[in-house]
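First up is the structure itself, then whatever we jot down about it.
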Amino acid sequence: MQHKRTLERRTRPSPQAARGAGGGSAAPRAAPPPEIAGRILLLRDDLLVLDKPAGLPVHRGPRGGVSLEEWLEPLRMGKRHLPQPAHRLDTDTAGCLVLGRTKPALAALGAIFAGGRAAKTYWAVVRGGPLEQAGTIDAPLRKVSSAARGWRMEVHTEGQRAVTHWRVLGRGEGLAWLELRPDTGRTHQLRVHCAASGWPILGDPLYGGGAGDGLHLLARAIMLPTEPPVAAEAPPPPHMRAALAACGWRG
């Protein structure tokens, strides 16, 4: 049975959240691997889909450090311009990231994502887990910040609309393996929706999942209505595999 829940209470980050976290960091910053081509999931003349590792920011932050920008030159592969990301993916989230390889392709991809026509599927391992097998979370989100905790997102009636569909793929002792399909693309949407539902994502210090071996959230698959259509799937990163296996994943 499908269950739909609308959350109107505010969510607060856990006490474990780091001071001035600026959205939190649940995984160490990743250095570019020796062979970036090994992380390409799909390659076309106009675009590519990259398996982004957890801990790698898509854009360089104000404090500097390694980001996807250091990876772009090896991904040029004969093109005039460097490929550019067509959408956001949180620093601590691993998995499918689409990049446009030409300016027209990047503009077309941007329109697809802005229009909500990209079908994105995520996997998450959460603490506890829902009693039901599937449902929908409809809970608006807004950004808040404080000097003590930095910025984060929270459920609030005055926030922007945010909708996430979920279903249980497996269960373990004190854990659940979920498939998450967002209708909207708000910052930290999946992390906040899971936490507000009472089952925070494992390894999420900002929203109650506890510190650990990294955020257990994977951008598992993406489908785009291009011509021909795009369909790509990313494997679980190493830090998620033990928890997934405990919930029934067999690789």
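Please treat every number below as a calculation from the coordinates, not as lab data. The structure displayed is predicted, hence computed values, not measured ones. Counting neighbours? That spans all protein chains shown, and the Cβs are built from the backbone with ideal geometry, glycine included.
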task = For helix 103-114, report the angle its Cα long axis makes with the longest principal axis of the Cα atoms of the chain; keep it between 0 and 90° and round to the nearest 10°.
result = 20 degrees
message = Would you report the distance distribution of C-alpha pairs in the chain as whole percents per 5 angstrom bin, up to the bin with the largest distance?
response = 1, 6, 13, 18, 19, 17, 13, 8, 3, 1, 0
key: Cα gyration tensor shape for the range 158-251, rounded if a/c is under 1.5, else prolate or oblate   = oblate
ask   = Between residue 42 and residue 72, what length in nm is gained on full extension when 0.36 nm per residue of separation is reduced by their alpha carbon distance?
value = 9.2 nm
task = Normalising by the residue count of the chain, find the relative contact order in percent from Cα pairs under 8 Å and 6+ residues apart.
result = 25 percent
ask   = Any idea what the dipole of the chain comes to, in debye rounded to 20, about its Cα centre with Lys/Arg Cβ at +1 and Asp/Glu Cβ at -1?
value = 480 debye
task = Determine, for 146, 67, the number of other Cβ atoms within 10 Å of each Cβ, and report the residues in order from fewest to most.
result = 146, 67
key: Three-way shape label, the range 81-142, alpha-carbon gyration tensor, a/c 1.5   = prolate
